[in-house]
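The values are calculated or read from the model by the stated rules, or taken from the named source; none is laboratory data. Computed from a predicted model, the values in this text were never measured in an experiment. Positions of Cβ are backbone-derived with ideal geometry, glycine not excepted, and every protein chain shown enters the neighbour counts. We work out accessible area using only protein heavy atoms, side chains counted, and drop any ligands, DNA or RNA first. Shrake-Rupley method; radii C 1.70, N 1.55, O 1.52, S 1.80 Å.
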Amino acid sequence: MKNIYERFVLDGDAISCTRYGNGHINETYLLVTDRPHLYILQKINSHVFRDVPALMQNIIDVTAHLRKDDDNPRHVLTLVQTVDGDDYLRTEDAEFWRLYEFVTDSLCLEKPQSIHDLLQSGVAFGTFQNQLASFPAHTLSETIPQFHDTPARYRQLREAIAKDKLGRVKNAMPEIEFYLSRDKEAGLLMQMSASGEIPLRVTHNDTKLNNVMLDKRTRTPLCVIDLDTVMPGLAAHDFGDSIRFGASTASEDELDLSKVHMSIELFEAYTTGFLMACKNRLTEREIETLPLGAKLMTLECGSRFLTDYLSGDVYFHIARPEHNLDRCRTQMELVKDMERKWDQMHQVIRRVMGS
Ligand code: ADP
Ligand code: GN1
Ligand code: MG
């Protein structure tokens, strides 16, 4: 790794560089110097992101926009330059690397430790939405085309089933049946978007709890990270992905499915924080679609895990052979629980909006 980090302008001499975090896409390292000064070094996944220069330009522009409101480096992701004065490194082997300032005295949670943590992550993503309302959306590149086009994700699932590249279809019959049985609903938000019923906004598109940094002491938001997928999108998708991950009572790859529920208390906490921060920006119709966002993002993500399992685990990092199948099963449990709690979810939205 030395040959990579020594090509960035470091404060001090590097003393360690070790794999870090639980992201499914990039290769992330914690780099520490003798000052000590902490950095996050990342190899960008160029299989997933086909145009890395365009992606980096999005990040440069979005962070510059956020910095106009608040230039505290703990509050905005900050890139460190290469010794050649660039914002990222392209190696001779066509690998792309970037270095971020580490957000210090922070917490990055895989699971909320209390209702307060999830409420605060809602504040973080709601505020992010607010701040980007004045960002010129047309200048952003689409870093992954059709990223949250759920019907397109369903088409990819059907293709993977038809190909059955590794003969895994026979291991996943109930899962395939589950996802395909919800085919009709999968397109609802995209239809509303196409008809102009709900607007396109600049959204984060990957609003997992572990993409927010909270202050270690106050447990309030410092900074939203993982900006690779900031693109035009739907508010319901950003809200929904947070619920999918943060309001679950179990981890995304839990094997004991009896532990997997969508907690209505956690749902209410996130809704409270999110709407506190951005309700004035959203239309009435958009607010009504938030529960649907939670269900469709869970269906979509589960169908993506299933597609990846059937395709040979080429997209998401895995740590065990059936990891993607296990992940697709937890998402099914969450969808079923949301279907049971559908009316309660809508009541929460109305209660939080005070009507
Ligand atoms: P991925 O796209 O693989 O999810 P992320 O950018 O989310 O990659 O980084 C993976 C993990 O690294 C995060 O969940 C977080 O724990 C940590 N991380 C990333 N950026 C920073 C940062 N600037 N400061 C502190 N930790 C960070
Ligand atoms: C990936 O990069 P990470 O781990 O924050 C994925 C998301 C999925 C998520 C599932 C670019 O997020 O879309 O919802 O895994 N990111 C990309 O945990 O595909
Ligand atoms: Mg991440």
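Relative to the longest principal axis of the chain, what angle (0 to 90°, nearest 10) does the C-alpha long axis of helix 115-131 take?
70
For the pairs Lys295/Lys336; Lys43/Lys216; Lys111/Lys279; Lys68/Lys216, flag any whose C-alpha to C-alpha distance is greater than 20 Å.
Beyond 20 Å: Lys43/Lys216; Lys111/Lys279; Lys68/Lys216.
Looking at region 1-97, which GluC sites (Glu not before Pro) are DSSP coil and have at most 13 other C-beta atoms within 10 Å of their C-beta?
Listed in order of number, the matching sites are Glu6, Glu92.
In degrees, nearest 10, range 0 to 90: what is the angle between the Cα axis of helix 342-352 and the longest Cα principal axis of the chain?
Once rounded, one gets 60 degrees.
Just to check I understand the Karplus step: with θ = phi - 60° and J = 6.51 cos²θ - 1.76 cosθ + 1.60, what whole-Hz values come out for region 292-304, glycine and proline as x?
Running phi through 6.51 cos²θ - 1.76 cosθ + 1.60 with θ = phi - 60° gives 5, x, 5, 5, 6, 5, 6, 4, 5, 5, x, 5, 5 Hz.
Run the accessible area of the chain with a 1.4 Å probe and give the carbon-and-sulfur part as a rounded percent.
50
Relative contact order of the chain, please, whole-number percent, based on alpha carbon pairs below 8 angstrom and at least 6 residues apart.
19
Taking the Cα centre of region 1-156 as origin, sum charge times position over the Cβ atoms of Lys and Arg (+1) and Asp and Glu (-1), and report the length of that vector in debye to the nearest 20.
Using Cβ point charges on Lys, Arg, Asp and Glu, region 1-156 gives about 460 debye.
Restricting to DSSP loop positions (anything but H, G, I, E, B) with no more than 14 other Cβ atoms inside 10 Å of their own Cβ, which trypsin sites (Lys or Arg not before Pro) remain in region 165-237?
Answer by residue number: Lys165, Lys216, Arg217.
Rounded to the nearest 20 debye, what is the charge dipole size of the chain about its Cα centre when +1 sits on each Lys and Arg Cβ and -1 on each Asp and Glu Cβ?
In debye, rounded to 20, the chain gives about 700.
With r defined as the distance between the Cβ atoms of Lys170 and Lys336 and R0 fixed at 22 Å, what FRET efficiency is calculated, to the nearest 0.05?
Calculated transfer efficiency: 0.40.
Helix 52-69: angle to the longest alpha-carbon principal axis of the chain, degrees 0 to 90, nearest 10?
For 52-69 against the chain, the angle is about 90 degrees.
Relative contact order of region 208-333: what whole-number percent is it, with Cα pairs under 8 angstrom and at least 6 residues apart?
RCO, region 208-333: 27 percent.
Choose one of Tyr315, Asn72, Val83: the residue whose Cα lies farthest towards the positive end of the charge dipole of the chain (beta-carbon charges +1 Lys, Arg; -1 Asp, Glu; about the Cα centre).
Positive-end residue among those listed: Tyr315.
Putting +1 on Lys and Arg Cβ atoms and -1 on Asp and Glu Cβ atoms, find which of Gly21, Thr63, Gln42 reaches farthest to the positive end of the dipole of region 2-104.
Gly21
Can you show me the helix-derived [θ] at 222 nm for the chain, built from DSSP H runs with n ≥ 4 at -39,500 (n - 2.57) apiece and divided by the number of residues, rounded to the nearest 500.
Helices in the chain give a 222 nm mean residue ellipticity of -13500 deg cm²/dmol.
Give me the distance between the Cα centres of region 204-265 and region 69-137, rounded to whole Å.
First find each Cα centre; the distance between them is then 15 Å.
If each residue of separation counts as 0.36 nm, what is the full-extension length gain between Leu200 and Ala152 once their alpha-carbon separation is subtracted?
Result for the pair: 15.5 nm of gain on full extension.
Considering only Ile349, Phe245, Leu257, whose Cα is most displaced toward the positive end of the charge dipole of region 115-353, charges sitting on Cβ of Lys, Arg (+1) and Asp, Glu (-1)?
Ranked along the dipole, the leading option is Ile349.
Once the whole set of protein chains is in place, how much accessible area is left on Ile349, using a 1.4 Å probe, in Å² to the nearest 10?
Surface accessible to solvent at Ile349 totals approximately 10 Å².
7 Å from Cα along Cα→Cβ at both Ser258 and Ile15: what's the point-to-point distance in nm?
4.8
Please work out the average accessible area per residue across the chain, using the 1.4 Å probe convention, and give it in Å².
It amounts to 44 Å² per residue over the chain.
Select from Pro53, Pro36, Pro136 the residue whose mean-square fluctuation is largest in a Gaussian network model of the chain (Cα-Cα springs shorter than 10 Å).
In the Gaussian network model the winner is Pro36.
Can you pull the accessible area of Leu180 for me, 1.4 Å probe, Å² to the nearest 10?
Surface open to solvent at Leu180 totals about 60 Å².
When only Cα pairs under 8 Å and 6 or more residues apart are kept, what is the percent relative contact order across region 167-252?
It rounds to 28 percent for region 167-252.
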